[in-house]
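What follows draws every value from the coordinates through simple rules; no lab data is involved. Computed from a predicted model, the values in this text were never measured in an experiment. Quick reminder, even Gly has a Cβ in these numbers, built from the backbone with ideal geometry, and neighbours come from all protein chains shown.
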Amino acid sequence: MSFIKAKLIALLKQVFPASYTELAVFLLFLISYGTLGTYIALHYRIIFDIRIPWDAYFSFDNKAIVMTGGSFERHPLAYYFFNWIREFSLFISGGKMDVTFRLALAWLSNIAISLCVVQIFKYLRNITQLPLKFALLLVLFFGVFSTPIILSFTPENFTYTLLLLSIYNYYAAVKLKKNEKIPGSALVLAGISIGGITITNLAKVFIPVLFEKDLFRSWKKLGNAVFRVVLTTACFVFLYLLRIDFKYENIFSKTNQQYEKFSNVESIPDWDMMLSYFFGGSILFPSFMTTDKHNMKGFDFKGLLMEPYSSVFCYAFVIILLILILWSYLKNFRNRLVQIIAISFLIDIVIHCVMRFGLHTSYIYGGHFVFVYPVLLGWLFYAYRSKPGILSFLTVITGILFVFLLANNLFRMSDFFQFLENYYQ
């Protein structure tokens with residue numbers, strides 16, 4: 001019992017704030033995001049409207065996700081997770097899908113994203129070992145990304161994926177820094193939770209295993225790693241097949257349909273979609289456009305989508321940020337923790353930029369990778385910790401990017417509220 005108690009306490013300390021500084025960071029974002037989400041939930045119906053299953057804003061599927069967890073071929077086990085989310089919210093609202101129901105959904109999202117910020121702060125302080133002022137700068141920078149802002153009140157798969165990936169990457173970094181292996185139980189839990197919510201993220205769970213100490217120098221360690229990976233995969237596959245009553249042929253047909261649907265859009269050049277949507281839209285809001293939508297059952301409504309960037313300053317912001325990220329990767333190339341983060345990011349780049357899956361709306365996929373930016377920036381600061389001149393330069397550049405990001409995203413959120421005033425009161 002003492003062993004289980006110790007493990008439980010360690011888990012709680014990792015997931016939740018474990019110091020006054022971490023608590024302060026958590027409360028800062030909880031209050032900020034909470035104020036935003038509470039206002040939207042109380043005054044507008046966009047967070048959850050039983051008549052609108054998908055695409056009310058930025059192609060999120062709020063109602064469909066809350067009710068079903070999403071399509072089984074992409075979100076195989078999300079059905080069970082969102083059953084808990086929905087039932088808890090209904091308990092709070094007394095069984096009604098009303099304003100209280102929306103408020104409960106918004107606050108669950110708020111808590112998830114605020115805890116995600118804490119995970120990034122923990123990583124920067126405990127793994128990268130940045131001084132407090134740099135860690136705070138980077139989490140504030142991350143906190144005003146478009147993805148955390150929107151997900152802080154949006155009940156979606158991406159909201160909880162962002163939290164789980166942040167938790168797992170910090171956990172894996174702690175283990176590897178101590179030259180310990182990822183336990184089989186933790187790997188299975190991560191595989192089922194992270195891969196269960198979005199199947200393509202299952203591969204990310206196995207990346208840290210590849211960097212365990214002396215893995216390829218010992219047949220015993222390699223065999224143990226293979227066993228843990230096979231066990232995780234077997235558990236995941238069994239639960240996946242159980243979810244669809246072992247009708248595995250449906251997986252291939254549905255997956256092919258989804259790929260064809262979301263990969264054959266030629267609206268704007270690929271390079272512009274990559275910069276404006278994948279790399280940029282998940283961080284820096286572009287301008288918005290309204291579209292006419294319907295729910296296939298006779299109800300018409302308005303949707304909101306992002307447009308490509310129209311300002312050279314926005315393109316410059318994204319390019320400068322990407323240069324910093326690439327600089328960090330090259331400077332820390334031999335650091336296995338940096339390689340883990342980079343390979344995780346590469347998976348999303350391949351899926352969306354190379355295979356073009358959902359590239360035209362890739363800003364919604366930010367929950368799968370935006371945590372990479374503050375972490376890699378943190379490693380860049382770490383690499384020049386003994387060079388005050390370069391460190392000052394990086395601080396100034398990041399500060400300028402932060403100010404521009406904050407001003408831009410506040411301005412664009414005013415456009416978002418105007419959309420709510422016009423169509424979702």
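What the table shows:
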{"quantity": "Charge context of residue 119, other residues only, Cβ under 13 angstrom, K/R +1, D/E -1", "calculated": "+2"}
{"quantity": "The chain: most fluctuating residue of 86, 356, 217 per GNM, C-alpha cutoff 10 Å", "calculated": "217"}
{"quantity": "Cross-link partners of residue 122 among lysines (Cα-Cα below 18 Å; sequence separation of 8 or more within a chain)", "calculated": "13, 133, 175, 177, 178"}
{"quantity": "Across 221/247; 213/331; 5/204, pairs whose alpha-carbon gap is larger than 24 Å", "calculated": "221/247; 5/204"}
{"quantity": "Rounded FRET efficiency, nearest 0.05, which uses the C-beta distance separating residue 189 from residue 210 and R0 of 25 Å", "calculated": "0.85"}
{"quantity": "Alpha carbon convex hull of the range 368-412, projected area averaged over orientations, nm²", "calculated": "3.6 nm²"}
{"quantity": "Over the chain: Rg over Rh, Cα atoms, Kirkwood Rh", "calculated": "0.95"}
{"quantity": "Karplus (6.51, -1.76, 1.60) ³J(HN,Hα), θ = phi - 60°, over the range 313-324, in Hz, Gly and Pro reported as x", "calculated": "5, 5, 4, 4, 4, 5, 5, 4, 4, 5, 4, 4"}
{"quantity": "For the range 90-223, Kirkwood radius (reciprocal of mean inverse C-alpha pair distance, Å)", "calculated": "16.7 Å"}
{"quantity": "Calculated [θ] (222 nm, deg cm²/dmol) that DSSP helices of n ≥ 4 give over the chain, each run adding -39,500 (n - 2.57)", "calculated": "-21000 deg cm²/dmol"}
{"quantity": "Choice from 234, 173, 104 showing the highest fluctuation, given a GNM over the chain with Cα pairs closer than 10 Å", "calculated": "234"}
{"quantity": "Mean-position separation - Cα centroids, the range 141-200 and the range 321-375, in angstrom", "calculated": "14 Å"}
{"quantity": "Most mobile listed residue (225, 112, 78) in the chain, GNM with C-alpha springs under 10 Å", "calculated": "225"}
{"quantity": "Beta bridges by DSSP in the chain, antiparallel share as percent, to the nearest 5", "calculated": "90 percent"}
{"quantity": "Volume per residue of the C-alpha convex hull in the range 302-425, rounded to whole Å³", "calculated": "126 Å³"}
{"quantity": "Residue 57 long-range amide H proximity, modeled H, under 5 Å", "calculated": "304"}
